[in-house]
1. Does THR54 meet the test of being closer than 30 Å to ILE144 by Cα, at pLDDT 55 or above and not hydrophobic (A, V, I, L, M, F, W, C)?
2. Quickly run through the stretch 133-189 and pick out the residues that are in contact with a Leu (Cβ under 8 Å, 6 or more places away or on another chain), assigned to a loop (DSSP other than H, G, I, E, B) and under 20 Å from VAL200 (Cα atoms).
3. What pairs can you find where one residue is in the stretch 105-119 and in contact (Cβ under 8 Å) with a residue 24 or more places away in the chain and farther than 12 Å from ILE166 by Cα, the other is surrounded by fewer than 16 Cβ atoms within 10 Å (Cβ to Cβ) and charged (D, E, K, R), and their Cβ atoms are less than 8 Å apart, with a gap of 6+ or different chains?
4. Restricting to the stretch 176-192, and then to whatever is surrounded by 12 or more Cβ atoms within 10 Å (Cβ to Cβ) and without any contact (Cβ under 8 Å) to a residue 40 or more places away in the chain, can you tell me which residue is farthest from PHE111 (Cα to Cα)?
5. Can you say whether PHE106 is aromatic (Phe, Trp, Tyr) and either modelled with pLDDT of 80 or more or in contact with a Cys (Cβ under 9 Å, 6 or more places away or on another chain) (or both), as far as the supplied structure shows?
6. Could you identify the single residue in TYR76, TYR20 that is of a type in the set (Ser, Thr, Tyr), at pLDDT below 90 and in contact with a Leu (Cβ under 6 Å, 6 or more places away or on another chain)?
7. Please go through the stretch 89-122 and give me each residue that is touching a Lys or Arg at 6+ places or on another chain (Cβ under 9 Å) and in a helix (DSSP H, G or I), ordered by number.
Amino acid sequence: MMELAELLKHKKRYSLLLAYLVRLTLVNLKTIIEMDCDKIIAGSLFTGLSLALTPIYVKIIHILLWNTEFRRLRCYQIMVQIGIIDCMFVLGYAVFGVSLPLENDFYGFPFVVVQLLEGVWMTKVSLNVALAINRLTVTCRLTIPAWLHWIKMLYCWLLGLFYFIICLTPYTGLRLDFDSFGWTYNMSKPYTAFMQKVDVCYATGALAFCFLMYLIAALILLLSRMKYSVNNGNHKMELRICVMAVVLFSSPMLGDLLWNFAFEFLPKSHWTNVAIGVFSICNIALAAPTVYLVMNK
């Protein structure tokens, strides 16, 4: 009888343990299913928005490239390059959106795309500086030699290429974080923290410089109008271009603030990253094209 009682006692323990394991498995399975659903929703948003909005931007770029008058002006040449950069950034979100629900790196392709976006960001910031300088020199009726203009353009693209290359090395870069529905700096690499500081300082300084250039240009336009007391077509055109340039400056500035400081005041949730991603896609793909259409209608 004692052996039977002991056996029943152990059997009860095993039953309780089995029930606990089944319950734990079901809870984990439910969590996984909910997480997979979240990833499907987030990935669909990233990919759907990117693929839906990119053609709008491409159409604007097409207009600027094929219009002879626009194509001759350096400001529009720079805007076309910024547009190409913006399309690359938005399509990068589309690639991440496809890989997110699958948690598949597709032989490292999304990883390479994320590193490319770091270089794209640095090129975009630099091109905005070039555009601000162009607006100021045109407003002041100064002429920059063609060779100096193209050196600036070359610098912008080479800087982005340099960042893309170093992000592929074992020393610095970004990493995909499927759990947080985004990507972030890979702090396991030795020089990533330094690169992050350089990124923030360079972008903040460049965007602040842009803002200063636009303020000076706007002030010069205002003083010129007050001096001559006329509103001729040239002044209107300069004002339109200046407004477009300001939007091209404020758009990346807002994105930079969200990228670096969003979690200082927003909930630490993967939905925060989703919201930032959706906002970034809409901000990048809609801000500049909307201004192009409104200011040149």
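1. no
2. Once the filter is applied, which keeps residues that are in contact with a Leu (Cβ under 8 Å, 6 or more places away or on another chain), assigned to a loop (DSSP other than H, G, I, E, B) and under 20 Å from VAL200 (Cα atoms), the stretch 133-189 yields only ASN186.
3. PHE111/ASP105; PHE111/ARG175; VAL114/ARG175
4. Let us first name the residues in the stretch 176-192 that are surrounded by 12 or more Cβ atoms within 10 Å (Cβ to Cβ), namely 176-178, 180-186, 189, 191-192.
Now restrict to residues that are without any contact (Cβ under 8 Å) to a residue 40 or more places away in the chain: 177, 184-186, 189, 191-192.
Details: ASP177: 10, THR184: 11, TYR185: 12, ASN186: 12, LYS189: 15, TYR191: 18, THR192: 16 Å.
Filtering the stretch 176-192 for residues that are surrounded by 12 or more Cβ atoms within 10 Å (Cβ to Cβ) and without any contact (Cβ under 8 Å) to a residue 40 or more places away in the chain, the one farthest from PHE111 (Cα to Cα) comes out as TYR191.
5. Answer is no for this residue.
6. Being of a type in the set (Ser, Thr, Tyr), at pLDDT below 90 and in contact with a Leu (Cβ under 6 Å, 6 or more places away or on another chain) holds for just one of TYR76, TYR20, which is TYR76.
7. Within the stretch 89-122, the subset touching a Lys or Arg at 6+ places or on another chain (Cβ under 9 Å) is 89, 100-103, 111, 114.
Of everything in the stretch 89-122, those that are touching a Lys or Arg at 6+ places or on another chain (Cβ under 9 Å) and in a helix (DSSP H, G or I) turn out to be PHE89, LEU100, PRO101, LEU102, PHE111, VAL114.
Yes/no per residue for (1) of a type outside the set (S, T, N, Q); (2) over 14 Å from LEU116 (Cα atoms); (3) surrounded by 14 or more Cβ atoms within 10 Å (Cβ to Cβ):
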site	(1), (2), (3)
LYS152	yes, yes, yes
TYR171	yes, yes, no
GLN196	no, yes, yes
ASP199	yes, yes, yes
LEU215	yes, yes, no
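The values are calculated or read from the model by the stated rules, or taken from the named source; none is laboratory data. Quick caveat, the model's predicted, so the values are computed rather than measured. FYI the Cβ positions are ideal-geometry reconstructions off the backbone, even for glycines, and counts take in every protein chain you see.
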